[in-house]
Amino acid sequence: MATGTEPHLNSGGVRNGTRAAITAPHLRTDRWWLAPAATAAGLLAFVVYSTWRAFSNSHYYAAPYVSPFYSPCLAENCVPMRNGPNWEIFGSWWGLSPALLVLIFPLGFRLTCYYYRKAYYRGFWASPPACAVAEPHKKYSGETRFPLIFQNIHRYFFYAAVPVAGILTYDTVLAFRNEDYEWGHMGLGTLVFLVNIVLIWAYTASCHSCRHIVGGKLKHFSKHPVRYRAWQLVGRLNARHMQLAWASLVSVALADFYVYLVASGVFDDPTFF
Amino acid sequence: MSSYEARFKVWRGDVGGGGLKDFGVEVNDGEVVLDIIHRLQATQAPDLAVRWNCKAGKCGSCSAEINGRPRLLCMTRMSVFTREETITVTPLRAFPVIRDLVTDVGFNYTKAREVPAFVPPDKLAAGEYRMTQEDVDRSQEFRKCIECFLCQDTCHVVRDHEENKTAFAGPRFLMRVAELDMHPLDAADESGLDRKKTAQDEHGLGYCNITKCCTEVCPEGIKITDNALIPLKERAVDRKYDPLVWLGSKIGRRSSGG
């Protein structure tokens, strides 16, 4: 039998007066809510964890490992790290956690990342919650106005993310020492740092801005064969950008948590050699 | 060959009103949803309106929404549903309905006309165009589009906000802008037409919040968001938000395209 035979009141969106008279905001029968809910839960868990660690200002160094949240350490109130990333350019006036000085760059990089934008627009802002599921907002201006027009500065955060990844690479090299700072050693932490830095670089290099800069902006690939190859390489990574975004998010949190556990004396770093 | 009776709900009506009508209909192995709609026409609802042509996923005519998801009727196999499932078929919900499963997709033709055409290069006559394959690979991906308008239908910018239809061209036509901007012989720049800038100023690129529904529904598997919309956004950033690129282009040290 037919149902809902009255035309819509002109209430906008899929219930606009000229569109098919269907009252339900969507007719999807699959579990469309699962992906945005899982995304929101995962991102929320990271935000809670990283906020706690960034403000805690403790247990971020256990020789030879420094937490990626606190590297480089740019204030005088940092724990001294032998040959480590202690660059006191902010001097003694900075009294808060030194992590806050650094995290702004990777945070900005991820916040403006094209994948994370999709993730939080769907997961937190329901804009839209899922494809063909009506969003709850009455108006929508996208990224045309303040503040979301600032999403366009993603490439500047990419430029900043490269040296940050370089410093984390340096930290990983330093992790090939033992707790007495002697070279040629490796522990479980070194392995954790190695996996983390590979994922950090893969995520950074797979960035859409990176893909554009290395070659995507060109009109004639045939005139720039080296950049064309680079673009193809970044393109292959870019196809895995979402997976790399999550993997590197988890790995950076795990690397920090590992340092926290060792620094707080929960267990000693198992050494391989 | 096995067959069973499936339960269908098909939207019937017009702009004056309508609703979902229940049907029980025979389904045989290997059939697609369009086959079932045709069987309904043949056996139970001879005046059921549906737009279709090729039955091969190439004409883009039979776009509709099946269980709330924008899909081609002819490319949706019945085997993806369980036999117990009730299958709901409605017209595209982003466009005005004409009758039953047929909608007025004129919005898309209006937007198509707003995109300036390919600008032929000077000094080259027809037949003298030469391009290398790597230079046209990107544009060729976008040329696979069959204009089914599923991406336009699912895009929340216009689906959920009718008022944005004036300012926003939609993913299909932003992809057209990207296709032309990446075309190795398009001479728009030389003629004073900056496609990167007009993408944002005249076709509403900034409305896109890259939530990728257009890519999810594309029956041709075109990576609309990653290969067209985001690169176009990056090209717009070159023009409008990157002072280094702007300065470089002004003093002639860096070209914008290459």
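The values are calculated or read from the model by the stated rules, or taken from the named source; none is laboratory data. Here the structure is a predicted model, which means the values were calculated and not measured. Here the Cβ is made from the backbone with ideal geometry for all residues, glycine too, and neighbour counts use every protein chain on show. Only protein heavy atoms, including side chains, enter the accessible area calculation; ligands, DNA and RNA are left aside. Shrake-Rupley method; radii C 1.70, N 1.55, O 1.52, S 1.80 Å.
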Handout entry: Matching helices (runs of 4 or more DSSP H) fully within region A:188-273 where at least 3 residues are away from every other protein chain (no Cβ under 14 Å) and farther than 18 Å from A:Gly108 by Cα
Key = A:188-205, A:241-263
Handout entry: First in region A:122-136 and more than 7 Å from chain B (Cβ to nearest Cβ), second anywhere and surrounded by fewer than 24 Cβ atoms within 10 Å (Cβ to Cβ) and assigned to a helix (DSSP H, G or I), Cβ under 6 Å, 6 or more apart
Key = A:Gly123/A:Pro36; A:Gly123/A:Thr39; A:Gly123/A:Ala40; A:Phe124/A:Ala40; A:Pro129/A:Pro36
Handout entry: Qualifying residues in region B:12-32 (those that are among the small types (Gly, Ala, Ser) and within 16 Å of B:Phe81 (Cβ to Cβ)) - the one least open to solvent (accessible area, probe 1.4 Å)
Key = B:Gly24
Problem - Of all residues making up region A:164-187, the number that are open to solvent by 70 Å² or more (accessible area, probe 1.4 Å), of a type outside the set (A, V, I, L, M, F, W, C) and in a helix (DSSP H, G or I) - result: 1
Practice task
Among the residues of region A:188-220, write down those that are open to solvent by 20 Å² or more (accessible area, probe 1.4 Å), more than 30 Å from B:Ser249 (Cα to Cα) and touching a Phe, Trp or Tyr at 6+ places or on another chain (Cβ under 6 Å).
Solution key: A:Val192
Exercise for the section: Within region B:203-224, work out how many residues are at the interface with chain A (Cβ under 8 Å from one of its Cβ atoms), over 11 Å from the mean Cα position of the chain (by Cα) and open to solvent by less than 30 Å² (accessible area, probe 1.4 Å). Expected result: 6
Exercise for the section: Just need a number here: residues in region A:141-165 that are closer than 19 Å to A:Val259 by Cβ and of a type in the set (Gly, Ala, Ser). Expected result: 1
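Which residue out of A:Arg155, A:Arg110, A:Arg122 is in contact with a Pro (Cβ under 6 Å, 6 or more places away or on another chain) and closer than 20 Å to A:His241 by Cα?
Unique residue meeting the criteria: A:Arg122.
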Problem - Count - residues of region A:119-155 that are of a type outside the set (Ser, Thr, Tyr), under 26 Å from A:Trp33 (Cα atoms) and open to solvent by 40 Å² or more (accessible area, probe 1.4 Å) - result: 7
Exercise for the section: Counting only residues that are open to solvent by 10 Å² or more (accessible area, probe 1.4 Å), give me the helices (runs of 4 or more DSSP H) lying completely in region B:102-195 with at least 2 of them. Expected result: B:106-114, B:133-142, B:171-181
